[in-house]
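Working notes, beginning with the structure itself.
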Amino acid sequence: ADVVIKVRALNPLDTRETAVINYPLPKEISEENIIKKKITYSLDHSEDEEPLKTSFQISFDEEKGEYYIDDEVFLLPKEVVTLEVHVEDIWAIKASKIEALRSEVGGLLEAWEEELSGAGEEVVAEKGDKKETKEFALMMKEEILESLDKIIQRQDKNKIIDVGVERHIEAYENNMDELRQVQQDIVLLANLIQFEGQEGEGEDLE
C-alpha cells in the first residue's frame, strides 16, 4: 500500500493570504519513492483569476540530507488546504531479508557442527572449552531467531491499514534497531566460530 503523508495549512484571517509551507518528509524517503503529489482546497476557487495549483514543489536539504515540501499556496479567508505526498511503503523489512539472515545463522552452526564431528570424539573431548563455546553459540542462535520472529510479528501487527502511518513507521524504526542488533550478533557468532576453528587447526599442527 502507498503511504500518504498529509500536511495542512490554515488561513485564520478574513483576508486572502499566501501560506509558505516548509515541511520535512521522513528521512528515509528519496525522490524515486515519491509516487504522486496532490493539493485539496476546502473552499471554492472558481472565481479566481489564476488557475489553482494542482501540485507543489519538493526540495532537498543538503545539510540535513532530507527532502521537504517547499512551496507557497494561495488561501481564501478561513480556508484549509491539504497537501498530500503519496510515497512507496519503504517502512517494511522484506521477508526475503529475514529468511536470508535466518539461513545465514543456521548455516554457520551447521558448518561448525560438521567440523567438530569430523575432528573425532577424542579430539573434541580433549577440548572441553569447545563444549561451552558451542552451548554459547547455540544460545546466540536462538536469541537471533527469536529476534527475527519478533520483527515479523511486529511488522504484521503494525500494517498501515490497521494502525496508520505514524505507528507503522514507529514499528519499522523499532524493527530496524532490532535488525541491526541481529546483524551484529551474526558477525560476532561468525567471528567466534572462525576463532575456534583457527585455534583447532593450531592444536592439530602441534
Notebook entry, point to check: Pairing the Cα long axis of helix 95-118 with the longest principal axis of the chain, what angle in degrees results, from 0 to 90 and rounded to the nearest 10?
Noted result: 10
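How large is the charge dipole for the chain, taken about the Cα centre, if only the Cβ atoms of Lys, Arg (+1) and Asp, Glu (-1) carry charge, to the nearest 20 debye?
Working: 24 positive and 52 negative charges, 241 e Å.
That gives a dipole near 1160 debye.
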Checklist line | Furthest towards positive pole of dipole, L13, M176, I186, structure part the chain, Cβ charges | finding: L13
Next item on the list: Let me have the 222 nm mean residue ellipticity of the chain computed from DSSP H runs of 4+ only, each contributing -39500 (n - 2.57), with the sum over all residues rounded to the nearest 500.
Entry: -17500 deg cm²/dmol
Notebook entry, point to check: Out of L52, Y67, S30, whose Cα points farthest toward the positive end of the dipole of the chain (charges: +1 Lys, Arg; -1 Asp, Glu; placed on Cβ)?
Noted result: L52
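Could you work out the local net charge near K27, counting Lys and Arg as +1, Asp and Glu as -1, over the other residues with Cβ closer than 13 Å to its Cβ? Walk me through the numbers on the way to the answer.
Working: positive: K64; negative: E28, D61, E63, E66, E173.
Once all neighbours under 13 Å are counted, the net charge is -4.
Can you tally the net charge around K150? Count Lys and Arg as +1, Asp and Glu as -1, for every other residue whose Cβ sits under 13 Å from the Cβ of K150. Let's see the in-between values first.
Working: positive: R102, R154, K157; negative: E142, E143, E146, D149, D156, D177, E178.
Local net charge: -4.
May I ask you to derive the FRET efficiency for Q153 and H86 from their Cβ-Cβ distance with R0 = 25 Å, giving the value to the nearest 0.05?
Working: r = 28 Å, r/R0 = 1.11.
In this case the efficiency is close to 0.35.
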Check: Looking at the chain, what % of the alpha carbon pairs are farther apart than 21 Å?
Finding: 67
Next item on the list: Would you mind checking K134/K159; K94/K141; K38/K64; K27/K94; K27/K157; K38/K78 for any pair whose Cα atoms are more than 29 angstrom apart?
Entry: K134/K159
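Subtracting the Cα-Cα distance from 0.36 nm times the residue separation, let me have the gained length for Y23 to E173 in nm, one decimal.
Computed gain between Y23 and E173 is 51.9 nm.
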Check: Sorted by mean Cβ packing within 10 Å, highest first, what order do the peptides 139-151, 92-104 take?
Finding: 139-151, 92-104
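FYI, it's all coordinate maths here, none of it is from the lab. As the structure is a prediction and not an experimental result, all values here were calculated from the model. Ideal geometry is used to build each Cβ from the backbone, glycine not excepted, and the neighbour counts take in all protein chains shown.
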